[in-house]
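Student: Got a structure for you, questions after.
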Amino acid sequence: MFWPVPALLAWVGAWGIFSGLYILGAPVWLCAILATGFGLGTGRRGTTPWRRLCVAGGFPLSFCATQIGSQMPAWVWLVAMVFLILCYPLNIWKDAPLFPTPKGILDGIQTFAPLPRGARILDAGCGLGDGLRELHRIFPEARLIGWEWS
Ligand SMILES: C[S@@+](CC[C@H](N)C(=O)[O-])C[C@H]1O[C@@H](n2cnc3c(N)ncnc32)[C@H](O)[C@@H]1O
């Protein structure tokens, strides 16, 4: 199942549990605890820590938002949605997760992949620049270029 479908299903499932129990007359606190538990259980199967957090946090966050949100005018939600779409464009929903180059991982690379002074290196998809920093440490004379669409 491709991301973010598992998260959407988990959120719908948690809200389904909450609503179903509430309709049956269970107290709100019990509905919220059981729905949060469902999200936590489902989130454990996520492939990365961020995805696990995203799946598990969806219900409690949206539950808190509905409690606070009932006091706010509807246009505030529209502004928040536009802001989120601008910060988190749809094309990165199905992209590889950010996987920064770990510090020290390139130690010794210059012995089997030497570069001339002033060599140019492009990190196409540089994320937050960890790979570029690591490359600069090993090849301080190289000209580094990073490209990132996110
Ligand atoms: C594995 S992460 C980057 C890790 C980074 N190179 C490093 O060494 O720390 C992959 C990155 O590629 C970016 N990316 C994927 N497709 C891209 C594209 N067509 N143009 C620019 N960036 C892209 C993603 O947004 C993501 O941040």
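Student: Looking only at residues that are under 24 Å from the mean Cα position of the chain (by Cα) and among the aliphatic types (A, V, I, L, M) in the stretch 12-31, which one is least open to solvent (accessible area, probe 1.4 Å)?
Tutor: Of all residues in the stretch 12-31, those under 24 Å from the mean Cα position of the chain (by Cα) come to 12-16.
Then keep just the ones that are among the aliphatic types (A, V, I, L, M); that gives 12, 14.
Numbers: 12: 105, 14: 1 Å².
Filtering first and then ranking leaves 14.
Student: Checking the structure you have, find out if any residue of the stretch 37-52 is in contact with a Phe, Trp or Tyr (Cβ under 7 Å, 6 or more places away or on another chain), small (Gly, Ala, Ser), free of Cβ contacts under 8 Å to residues at least 12 places away in the same chain and within 26 Å of residue 7 (Cα to Cα).
Tutor: Scanning the stretch 37-52, I find no residue that is in contact with a Phe, Trp or Tyr (Cβ under 7 Å, 6 or more places away or on another chain), small (Gly, Ala, Ser), free of Cβ contacts under 8 Å to residues at least 12 places away in the same chain and within 26 Å of residue 7 (Cα to Cα), so the answer is no.
Student: Same structure, new question: Would you call residue 73 over 30 Å from residue 9 (Cα atoms) and open to solvent by less than 100 Å² (accessible area, probe 1.4 Å)?
Tutor: no
Student: Are any residues in the stretch 119-140 open to solvent by 100 Å² or more (accessible area, probe 1.4 Å) and at pLDDT below 95, and if so, which ones?
Tutor: 128
Student: Of 34, 84, which residue is within 28 Å of residue 1 (Cβ to Cβ), open to solvent by 100 Å² or more (accessible area, probe 1.4 Å) and away from the ligand (no atom under 16 Å from the Cβ)?
Tutor: Checking each option against the conditions leaves just 84.
Student: Give me a count of the residues in the stretch 46-69 that are open to solvent by 90 Å² or more (accessible area, probe 1.4 Å) and either under 11 Å from residue 11 (Cα atoms) or among the small types (Gly, Ala, Ser) (or both).
Tutor: So the answer is 1.
Student: Go through the stretch 105-132 and give me each residue that's free of Cβ contacts under 8 Å to residues at least 12 places away in the same chain and within 16 Å of the ligand (Cβ to nearest atom). Before you say what the answer is, go through the steps one by one.
Tutor: The first filter runs over the stretch 105-132 and keeps only residues free of Cβ contacts under 8 Å to residues at least 12 places away in the same chain, leaving 108, 111-114, 116.
Answer for the stretch 105-132, where residues must be free of Cβ contacts under 8 Å to residues at least 12 places away in the same chain and within 16 Å of the ligand (Cβ to nearest atom): just 113.
Student: Could you tell me how many of the residues in the stretch 139-150 are without any contact (Cβ under 8 Å) to a residue 40 or more places away in the chain, in a loop (DSSP other than H, G, I, E, B) and within 30 Å of residue 49 (Cα to Cα)?
Tutor: Total meeting the criteria: 1.
Student: Pick from the stretch 89-118 the residues that are open to solvent by less than 100 Å² (accessible area, probe 1.4 Å) and modelled with pLDDT under 90: which of them is nearest to residue 48 (Cα to Cα)?
Tutor: This residue is 97.
The values are calculated or read from the model by the stated rules, or taken from the named source; none is laboratory data. Only a predicted model underlies this, so the values are computations on that prediction, with no experimental measurement involved. Heads up, the Cβs are rebuilt from the backbone with ideal geometry, glycines too, and the neighbour counts pull from every protein chain shown. When the accessible area is computed, the model is the full protein with side chains, heavy atoms only, and any ligands, DNA or RNA have been set aside. Shrake-Rupley method; radii C 1.70, N 1.55, O 1.52, S 1.80 Å.
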